[in-house]
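The values are calculated or read from the model by the stated rules, or taken from the named source; none is laboratory data. As the structure is a prediction and not an experimental result, all values here were calculated from the model. Cβ coordinates were reconstructed from backbone atoms using ideal geometry, including for glycine residues, and neighbour counts include every protein chain displayed. Ligands, DNA and RNA are stripped out before the accessible areas are found, and what is left, the full protein with its side chains, is counted by its heavy atoms. Shrake-Rupley method; radii C 1.70, N 1.55, O 1.52, S 1.80 Å.
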Amino acid sequence: MRGWLVFGSHAYLAHGPARGVGATGSSSMLIPFSMKNCFQLLCNFKVPAAGFKNTVKSGLILQSISNDVYHNLAVEDWIHDHMNLEGKPVLFLWRNSPTVVIGRHQNPWQECNLNLMREEGVKLARRRSGGGTVYHDMGNINLTFFTTKKKYDRMENLKLVVRALKAVQPHLDVQATERFDLLLDGQFKISGTASKIGRNAAYHHCTLLCSTDGTFLSSLLKSPYQGIRSNATASTPAFVKNLMEKDPTLTCEVVINAVATEYAASHQINNHIHLINPTDETVFPGINSKARELQTWEWVYGKTPKFSVDTSFTVLHEQSHLEIKVFIDVKNGRIEVCNIEAPDHWLPLEICDQLNASLIGNKFCPIETTVLTSILHRTYPGDDELHSKWNILCEKIKGIM
């Protein structure tokens, strides 16, 4: 089984069959994060919260009950923006339903197969940290370590994860690298890193592959789009492997509890995993607006660094193939320059010119292009041959989006 995982500017190639996540006992105490105990978070809130006393002395371990990537990324934003982390670090544990997550400065058309993602209902998210692209599913654990800027230490966090894994399986060969990855057996990446450093707060997040679907991962993180020119951060492939391929007992639940236990011991705090609902405004005031922003087209696609598409494709005409040339400049996710050239004996020049002019200013998006081309289609009623050629051209154009 081969697949690609990308994070922290590195893509990882997965081998071996995907495995299901097994249930197991818990060594960490799970506490629902209700109003009854939400003071444990709000006492750190930078905005005054009347009625809550500062009872937290050292730190928190949080785990999301949601598998929605936008809500979980919003938790990262909220903690980074609103919590006082001085002497009170936070570990946030979360998993997502199938999602491709790109780095802050990446181009999704370069990084993944958007057409396949749309067909399979896989979400696309852009995080606020840099680095490369990663595929999330329920077989992958996300760990976010929050500290003050001064206490930010990626290597220490990774060493903590290594200790946690070896506490469960002492003979496991896992090492942190100078590039802040975790290697299994000296060659397979099981974790990649990205981070965000603010004025006062910082976070380091990493993936941890337990039983990710390697086949799906491979298909989704292979871009089919040709001719893209961009200065966006590009991901680099490498080999990866699931922990459960090495040891079937290393389920997500086992690994989560091991990491929580090691984190609690290292920071001398109670080994309690506090379950949180990332949509609860009573605990996280304003968090849903953060989640909505992360879902917008303007954030996910519109923040893509400027790029161009210089490609061509062929169409069948009278038992021969004709070349259609396409050049498009895209800025802020919208088409800035558009030049589609088709042989005028196949499609009249005026129709190509009309299509070019109509696409400028529109989103580089197949849905919006479908609406636009449908409107233009109606300007030439009754010409079935022309409509057929028009449909072929429009489907080809949407295929590069």
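Annotations for the structure displayed:
- Summed residue charge, Cβ within 13 Å of LEU372's Cβ, Lys/Arg positive, Asp/Glu negative: +3
- Each residue of the range 309-319 was assigned a 3J(HN,Hα) from its phi angle through the Karplus expression (A = 6.51, B = -1.76, C = 1.60, θ = phi - 60°), giving 10, 10, 8, 8, 8, 10, 10, 7, 9, 6, 6 Hz with x at Gly and Pro.
- Accessible surface of the chain, 1.4 Å probe, proportion on carbon and sulfur as whole %: 51 percent
- Cβ-placed point charges (K, R +1; D, E -1), dipole of the range 83-183 about Cα centre in debye, nearest 20: 480 debye
- All-pairs Cα distance distribution in the chain, expressed in whole percent, bin size 20 Å: 26, 48, 21, 5
- Cα principal axis extents for the range 210-284, largest first, Å: 53, 39, 22
- Accessible surface of MET117 - all protein chains present, 1.4 Å probe, nearest 10 Å²: 10 Å²
- Cross-link partners of LYS398 among lysines (Cα-Cα below 28 Å; sequence separation of 8 or more within a chain): LYS123, LYS222, LYS303, LYS306, LYS325, LYS331, LYS363, LYS389
- Inter-label distance, THR296 to ARG229: 3.1 nm, where each label sits 7 Å from its Cα along the C-beta direction.
- The range 207-215 - phi-based ³J(HN,Hα) in whole Hz, Karplus 6.51/-1.76/1.60, Gly and Pro as x: 8, 8, 7, 9, 8, 5, 6, x, 5
- The longest stretch of the chain left intact once loop-based chymotrypsin sites (Phe, Trp or Tyr not before Pro) with at most 16 other Cβ atoms within 10 Å are removed from consideration, loops following DSSP, is 53-345.
- When the surface is traced with a 1.4 Å probe over the full set of protein chains, ILE392 keeps roughly 70 Å² accessible.
- CD proxy at 222 nm, helix term only [per DSSP H run n ≥ 4: -39500 (n - 2.57); per residue of the chain; nearest 500]: -9000 deg cm²/dmol
- GNM result for the chain, Cα springs below 10 Å: residue of ILE273, ILE324, ILE61 fluctuating most strongly: ILE324
- Comparing GLN169, TYR152, SER97 along the charge dipole axis of the range 96-180, the residue lying farthest to the positive side is TYR152, per the Cβ-charge model.
- Area accessible to solvent at ASP280, 1.4 Å probe radius, in Å²: 40 Å²
- Residue among THR236, THR282, THR304 with the largest mean-square fluctuation in a Gaussian network model of the chain, springs linking Cα atoms under 10 Å: THR282
- Within the range 249-319, GluC sites (Glu not before Pro) in DSSP loop having at most 16 other beta-carbon neighbours inside 10 Å: GLU281, GLU318
- Options ILE273, ILE335, THR304, ranked by Cα towards positive dipole end of the range 253-351, top entry (Cβ charges): ILE273
- In a reduced charge model with +1 at each Lys and Arg Cβ and -1 at each Asp and Glu Cβ, the chain shows a dipole moment near 1840 debye about its Cα centre.
- Restricting the trypsin sites (Lys or Arg not before Pro) of the range 310-401 to loop positions (DSSP other than H, G, I, E, B) with no more than 15 neighbouring Cβ atoms within 10 Å leaves ARG378.
- Length-normalised contact order of the chain in % [C-alpha pairs under 8 Å, at least 6 apart]: 22 percent
- For LEU275, distant residues with modelled amide H under 5 Å away: ILE31, PHE33, GLN63
- Taking ARG199, ARG95, ARG229 as the candidate residues, the one with maximal mean-square fluctuation in a Gaussian network model of the chain, Cα springs under 10 Å, is ARG199.
- Estimated FRET transfer efficiency when R0 is 22 angstrom, pair LYS159-ASN271 (beta carbons, to 0.05): 0.70
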